[in-house]
1. Please calculate the 1.4 Å probe accessible area of H169, with all protein chains present, and give it to the nearest 10 Å².
2. With +1 on the Cβ of every Lys and Arg and -1 on the Cβ of every Asp and Glu, and nothing else charged, how large is the dipole of the chain about its Cα centre, in debye rounded to the nearest 20?
3. Work through the residues other than F121 whose Cβ is under 13 Å from its Cβ and net out their charges, Lys, Arg +1 and Asp, Glu -1.
4. So if each residue of separation counts as 0.36 nm, and I subtract the Cα-Cα distance between T70 and N129, what length gain in nm does that give?
5. By the scheme Lys and Arg +1, Asp and Glu -1, what is the net charge of all other residues having a beta-carbon under 9 Å from that of T62?
6. Taking the highest mean first, how do the peptides 73-80, 123-130 order by number of other beta carbon atoms within 10 angstrom per residue?
7. Is the range 41-188 best put as rounded, prolate or oblate by its Cα gyration tensor, with a ≥ b ≥ c the root eigenvalues, rounded for a/c under 1.5, and otherwise prolate when a/b is larger than b/c, oblate when not?
8. What lysines could a cross-link reach from K127, if we take a straight Cα to Cα line under 28 Å and drop same-chain neighbours fewer than 8 places away?
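The values are calculated or read from the model by the stated rules, or taken from the named source; none is laboratory data. Nothing here was measured: the structure is a model prediction, and the numbers come from that model. Neighbour counts are summed over all protein chains in view; Cβ atoms, including those assigned to glycine, are modelled from backbone coordinates with ideal geometry. With ligands, DNA and RNA removed, areas are computed over all heavy atoms of the protein, side chains included. Shrake-Rupley method; radii C 1.70, N 1.55, O 1.52, S 1.80 Å.
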Amino acid sequence: MASSSLIFLFLLLSFSPLLISSHDDDGDFLRLTDRKLLGLKKEKLGHFKFYWHDIVSGQNPTSVTIVPPTVNSTTAFGLLNMIDNPLTLGPKLSSKLVGRAQGFYASASQSEFALLMVMNFAFIEGKCNGSTITVLGRNPVFNKVREMPVIGGTGVFRFARGYVEARTHWFAPNSRNAIVEYNVYVMHY
Ligand SMILES: *[C@@H]1O[C@H](CO)[C@@H](O)[C@H](O)[C@H]1NC(C)=O
Ligand SMILES: *[C@@H]1O[C@H](CO)[C@@H](O)[C@H](O)[C@H]1NC(C)=O
């Protein structure tokens, strides 16, 4: 009995600095909480489709080159465009506006035309109004389907994760304007 309590005392003393420091550092800073306190119920899978308009030319471009590509690059390597692109329900620009894609894309490959996409979908429609979804991914634009991750969201899309599929609907080689169909699959609460 005496020896076991000695062992216990020894263990307590040898681990106490650890216990104290973990209490001081993490114990008070990171706490577990109940998801119900945040109003989170059941995780759901949502799917929606819209069209992304990359308007590069004309009087009111929504996609503007901020950094030109490096000299002699065949893949426009280094190009950086800032975008505030309309998202519409149908493929026509005149169809219902559901939000905007705000962010940038950059040509990030020296061997093929592949973009790094960094954008927030800022929605204005229905219960999505004011909520956002963040997409960050690789977009080899000449592929038929490009998949990119949804890495987060705000509002109704808090804790969002998922992916998008992008398909070029229309591209004008002269103006370089493009319309891309986006299918979004997103887990959210
Ligand atoms: C671009 O290509 C031209 C013609 O081939 C060459 O003269 C020039 O040095 C190249 N520039 C760079 C930065 O590589
Ligand atoms: C979206 O929210 C804004 C700001 O709260 C509001 O002015 C606007 O009318 C809303 N739009 C729709 C379609 O609900």
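1. Ignoring ligands and nucleic acids, H169 comes out at about 100 Å².
2. It comes to approximately 820 debye.
3. Net of charged neighbours comes to 0.
4. Result for the pair: 17.3 nm of gain on full extension.
5. That works out to -1.
6. Top of the packing list down: 73-80, 123-130.
7. Prolate is the answer for the range 41-188, as a/c is 1.5 or above and a/b outweighs b/c.
8. Of all the lysines, those that pass the test against K127 - Cα under 28 Å, at least 8 places apart if same chain - are K36, K41, K42, K44, K49, K92, K96.
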